[in-house]
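Just so it is clear, none of the values below were taken in a lab; they were calculated from the coordinates. Everything quoted here is computed from the prediction, not taken from an experiment. In this analysis, Cβ positions are derived from the backbone assuming ideal geometry, glycine residues included, and neighbour counts consider all displayed protein chains.
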Amino acid sequence: MFLSVFDVFKIGIGPSSSHTMGPMSAAASFLRLLQQSATELRAARIRVRLHGSLAFTGKGHATDRAVTLGLLGWCPADLDLEEAERQLEELRQTHLLRPPGLPSLAFDPTVDIVFDYGPALPGHANGLVFAALDSKGVILLSETYYSIGGGFVVTAAERDKPKTVAVADAASWPYPFENAAAMLRMTRESGLSVAAMKRENELRLRSPVEVEDGVARIWSVMNSCIERGLNRDGELPGGLRVRRRASNIYQQLLAERQSNSGQPHAASDWLSVYAMAVNEENAAGGKVVTSPTNGAAGVVPAVLRYYLDHCRGAELDRVSDFLLTAAAIGGLIKHNASISGAEAGCQGEVGSAAAMAAAGLCAVLGGTPEQVENAAEIALEHHLGMTCDPVAGLVQVPCIERNGIGATKAVAAASLALRGDGSHFMPLDNCIEAMRQTGEEMSAKFKETSLGGLAVNLPEC
C-alpha cells in the first residue's frame, strides 16, 4: 500500500476537503470527460445532483460554488480567486458555460445544482451525479462521483473495485507496508526510520530534489496559513456571526511572553492558537493544506510550528521527517479505515490528524519507530467516538476549537510515548480498526449531516 505524502497533504482551499475540494475536482473531471466525448455528443446543458452529506451541509461548505468552479475548469490547487470571481459573475449573468472544445452549455447553479435530501447513494455518504443533456432534456452522458475525504474523489466504478493490493504492485515499492505491524517489521529489518522508508517510496515517483522541494512547499503553505490567521480579525462568513479569535489570543500570548507573566499551561495555548489560526482561514475559504482533511487542517501545522518555535533542539531540516512520518500514519488510517467526517465522524478527521501529528513530533524528538507507533495510537485512541456535528453545516463550531484541542492531545501523546520504550497494550492497527467499526455503527446524524449533536442544540438567544 502506498499513498504519497503529496496525496495526504494537498494544497487547496477551504472550507472543506470533502465538500469543497472534492466536488470541485469531480466537476473538473466530468468536464474533461465531456470534452473527450465532444465529437459524439451534442450536449446543451449540465445538471448536478448532490446526495447525502453533500446535500445536507453543502450550502454551509460552499459545495454549489465549488461544483460551479470545477465546471468552469478550475482545480483546488491552482484556483485564482480573483479570476474565478470574474467568471462566476459572468456565469450569473449569462447562465452559460463556455469550456474549450465544447459548444456553450446552459448552466444555472441555482437551478441545475439539486440538493437531494433523500437517502445517500450506496457507495459513500458524499455522492454527486453529473449529467450532460441535449436540447430536449435527454441525458447523453452521466457519471457518479464520491468525495471520500481529504479531497480524494473516485467514480462509482472505482469505488466498487475490491479493496485489494496486487502482489506485483506491492512488490514495486521498496517498503509497501499496509498496516502498522508491517511498518514496524520493515523498520527492524531495514534499520530505517518510518520517515526514511516513506522517503524511499516517494523516490520511486520523484527525484530527491522534487521530494524535498515538494515537502518544503507543503510546510511553506501551512506556515503561511498560520501567519495569515494570526494576523486577521473580523467575522467569519456563513451567518453564525462567529468572530476570529486567533489574532487576539496571539497578541495576548506575545504580551505575556514579553512580560514573563504567562502560566506554565500557556504552552497549550500556543498550540491552540496556531491550529485555530489555520481553521479560521479554512472557514473563510482561504488557502490551506489537507492534513489529512480541511476540517482537521490545523492540527499537523500547529504541532510542527510548536516543534520549531518552542521545542529545545528543534531543527528546520527535520520538517520533512515530521511530514513524511505523519503522512505514513495518515496513509495507514485512510487505507484501513477512513479520514472522512461523513463516513467516520470527526474521529476520522481530527482523530487522524492528531495521530499523524503525534507520530511526526515523536519522530523528530528522537523517538524510535515503536515509540512513533505508540504516539499515533495514543492520540487516535483518545478521539474514538468523536462525532462530526458542525453547526449550520459550517466548519466553525465546534471545528475551530476542536483542532486546537486535537493539537494539544497530539503533543501529550507524543510526550507519553517518549516516556516509554515503545511497548504498549493496544496496537495502532487495532485502534484503527476500532475507529472503523465505530464510524460504521455511528448514526448518520453524527456524521457531517448537521442533523444531530451540537448542530441541533443551539443557543436560543
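Once both labels are positioned 7 Å from their Cα atoms along Cα-to-Cβ, the gap between L41 and N430 label points is 5.1 nm.
Amide H contacts of V288 (H built 1.01 Å from N, in plane; Pro and chain starts excluded): G12, I13, G14 sit under 5 Å, all sequence-distant by 5 or more or on other chains. Among bridges DSSP assigns within the range 17-159, what percent are antiparallel (round to 5)? Percentage antiparallel, nearest 5: 85.
A full extension of the chain between D160 and L140 corresponds to an added length of 4.9 nm, given 0.36 nm per residue minus the alpha carbon distance.
For the range 375-388, 3J(HN,Hα) computed residue by residue from phi via the Karplus equation (6.51, -1.76, 1.60; θ = phi - 60°) reads 4, 4, 5, 4, 5, 5, 4, 8, 10, 4, x, 5, 8, 10 Hz, glycine and proline entered as x. Cα to Cα, under 26 Å, and not fewer than 8 places away if on the same chain: which lysines meet these conditions relative to K447? K447 reaches K10, K59, K161, K163, K287, K334, K409. Per residue of the chain, the DSSP helices (runs of n ≥ 4 H) give a summed -39500 (n - 2.57) that works out to -15500 deg cm²/dmol at 222 nm. Checking the a/c ratio against 1.5 first, then a/b against b/c, what shape does the Cα gyration tensor give for the range 13-84? Taking the square roots of the gyration eigenvalues as a ≥ b ≥ c, the range 13-84 is oblate.
Within the chain, the proportion of Cα pairs with more than 37 Å between them is 25 percent.
Of the Cα atoms belonging to the range 220-328, the radius of gyration and Dmax stand at 14.3, 44 Å. Label-to-label distance for C75 and Q252 is 4.3 nm, based on points extended 7 Å past Cα in the beta-carbon direction. Taken over the alpha carbons of the range 346-461 as equal point scatterers, the Debye sum produces base-10 log I(q)/I(0) values at 0.11, 0.23 Å⁻¹ of -0.39, -1.14. Take the Cα pairs of the range 17-159, get the Kirkwood Rh, then feed it into Stokes-Einstein at 4 °C and 1.567 mPa s and tell me D in µm²/s. The calculation lands on 87 µm²/s. A Förster distance of 41 Å, applied to the separation of the beta-carbon atoms of F115 and L203, puts the FRET efficiency at 0.40. Each residue of the range 29-38 was assigned a 3J(HN,Hα) from its phi angle through the Karplus expression (A = 6.51, B = -1.76, C = 1.60, θ = phi - 60°), giving 5, 5, 4, 5, 4, 5, 5, 5, 9, 4 Hz with x at Gly and Pro. Tell me, what is the percent relative contact order of the chain, built from C-alpha pairs under 8 Å that lie six or more residues apart? Computed over the chain, the figure is 19 percent. When a/c reaches 1.5 or more, the comparison of a/b and b/c decides; with that in mind, is the range 132-286 rounded, prolate or oblate per its Cα gyration tensor? Note, shape of the range 132-286 comes out oblate. In this structure, the amide hydrogen of A296, modeled 1.01 Å from its nitrogen in the peptide plane, lies closer than 5 angstrom to those of S291, counting only residues at least 5 positions away or on a different chain.
Our coupling estimate for the range 405-411, obtained by passing each phi through the Karplus curve with A = 6.51, B = -1.76, C = 1.60 and θ = phi - 60°, is 5, x, 5, 5, 5, 4, 5 Hz, Gly and Pro reported as x.
For the range 17-159, the relative contact order is 38 percent, taking Cα pairs closer than 8 Å that sit 6 or more residues apart in sequence and dividing their mean separation by the residue count. Applying both filters, DSSP loop and at most 14 other Cβ atoms within 10 Å, to the chymotrypsin sites (Phe, Trp or Tyr not before Pro) of the range 99-132 gives Y117.
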